[in-house]
Amino acid sequence: MSVILRRLMFGKHDLQVLEGLVRNAGREELVPRFASVSATFKADGSLITEADLAVQRRLQAELAGHWPQYALLGEEMDALEQQRLLVSPGAGLWCLDPLDGTGNFAAGIPCFAVSLALLCGDQVDAAVVYDPSRDECFSALRGQGAWLNGQGLSAPASPERLQDAMAMVDLKRLPEPLILALARNSPYRSQRSFGSVALDWCWIASGRCQVYLHGGQKLWDYAAGYLIMLESGAVGGLLGRYEGDWLGDFSLSPRIAVAATHAGLLTQWRAWITQGLRD
C-alpha cells in the first residue's frame with residue numbers, strides 16, 4: 001500500500017475520533033491522578049509515574065481497536081523495541097508520549113499533555129496534543145491545517161523584530177557558550193520555559209510565544225507538536241547541530257529544536273544563535 005493511499009485513509013473523521021480518544025485518556029487517567037502520584041527515575045534520569053503507564057496502556061489498546069494496521073511506539077517502552085519499530089514501521093506507526101511534562105505533573109504544576117502522532121514513511125501525517133489543565137486539544141493533518149478545539153490555528157506574522165519577541169528557551173541542554181550569551185545579552189523581549197515540549201510547539205503555533213530553542217528532544221517529545229507547528233504556518237525544525245541543515249528523518253537520538261512564528265523572525269533567531277555560539 002502506498003504512502004499516498006495511507007494518507008487518504010486517515011482523514012478528518014479519523015482525526016476527530018483520535019481527538020476523542022486522547023481527550024478521554026487525559027481526563028480520565030491524568031486529571032484524577034494530578035499531583036497525587038509519586039514519581040520514580042528511569043535509567044536515563046527522566047521521571048515516570050503510574051499515570052504515564054495508565055495512559056499508554058489505554059491508548060495502545062484503543063488505537064489497536066480502531067486502526068489495527070498501525071503499531072505503537074511509546075515513550076514507556078524498552079529501547080530495543082522502540083528501535084525495532086522505528087526500523088520496521090509497517091503501514092505506519094503511532095508515536096506516543098503518554099504524559100509529556102511528567103515532572104510538572106508529579107509536582108502539581110498544571111503544564112503537561114498527552115502527545116500522539118501518526119508516522120507514515122518519513123513524515124508525520126496526523127497529530128493530537130491534549131492539555132487537560134486547560135481543556136485545549138491541538139491537532140493537525142499534513143497538508144490540511146492545524147486546529148485548536150476544532151477552530152483553525154494560524155501562527156501570527158508579528159512581531160517583526162526579534163527584540164520584540166517572547167521566547168521559549170530550555171537552558172538545561174544548551175552548550176555553555178550559548179547559555180552565557182543568552183544570560184549576558186538576550187536578544188528578545190522576555191523568556192519562558194514551561195517543561196512540556198509538546199505544548200512548547202503548540203504555543204509557538206498559537207503565537208503565545210514567538211521564538212523557540214531546545215537543545216535535545218526525543219522523537220515522542222516533538223513528533224506531534226512539530227506537525228501542529230508546521231501546519232499552523234509557523235516555521236522551524238530539528239537539527240543535529242546548531243549551524244546544520246534541517247533534518248527530515250526519524251531517529252531515537254535527541255535533536256535540537258528551533259522555531260519561530262514566521263520566516264523573518266526565524267532568520268533573525270538562527271543568525272543570533274550562530275553568533276552567540278561564536279562569541
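The values are calculated or read from the model by the stated rules, or taken from the named source; none is laboratory data. All figures in this text were calculated on a predicted structure; none of them were measured in a lab. Neighbour counts are summed over all protein chains in view; Cβ atoms, including those assigned to glycine, are modelled from backbone coordinates with ideal geometry.
Residue by residue, here is whether (1) in the same structural domain as ARG189 (by TED's automatic domain parsing); (2) of a type in the set (Ser, Thr, Tyr); (3) touching a Gly at 6+ places or on another chain (Cβ under 8 Å); (4) surrounded by 21 or more Cβ atoms within 10 Å (Cβ to Cβ) holds:
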site: GLY236; (1), (2), (3), (4): yes, no, no, yes
site: ASP245; (1), (2), (3), (4): yes, no, no, no
site: PRO254; (1), (2), (3), (4): yes, no, yes, no
site: ALA257; (1), (2), (3), (4): yes, no, yes, yes
site: ALA263; (1), (2), (3), (4): yes, no, no, no
site: THR267; (1), (2), (3), (4): yes, yes, no, no
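Of all residues in region 154-176, those that are over 20 Å from CYS202 (Cα atoms) and in contact (Cβ under 8 Å) with a residue 60 or more places away in the chain have Cβ atoms under 6 Å from Cβ atoms of residues that are surrounded by 13 or more Cβ atoms within 10 Å (Cβ to Cβ) and not basic (Lys, Arg), 6 or more apart or on another chain, in ARG173/GLY215; ARG173/GLY216. When every residue of region 178-193 is checked against the conditions, none turns out to be within 17 Å of the chain's Cα centre (by Cα), touching a residue at least 12 places away in the same chain (Cβ under 8 Å), buried (at least 19 other Cβ atoms within 10 Å of the Cβ) and not assigned by TED's automatic domain parsing to the domain that holds PRO110. Just the residues that are among the aromatic types (Phe, Trp, Tyr) and modelled with pLDDT of 95 or more, please, taken from region 247-279. Of everything in region 247-279, those that are among the aromatic types (Phe, Trp, Tyr) and modelled with pLDDT of 95 or more turn out to be TRP269, TRP272. For region 155-167, the set of residues classified as in contact with a Gly (Cβ under 6 Å, 6 or more places away or on another chain) and surrounded by fewer than 17 Cβ atoms within 10 Å (Cβ to Cβ) consists of PRO156 only. Each residue in region 194-214 was checked for being over 23 Å from ALA106 (Cβ atoms) and either surrounded by fewer than 24 Cβ atoms within 10 Å (Cβ to Cβ) or out of contact with any helix residue (DSSP H, G or I) (no Cβ under 9 Å at 6 or more places or on another chain) (or both), and 4 of them qualify. In the set (1) closer than 22 Å to TRP201 by Cβ; (2) at pLDDT below 95, the condition left unmet by LEU96 is number (2).
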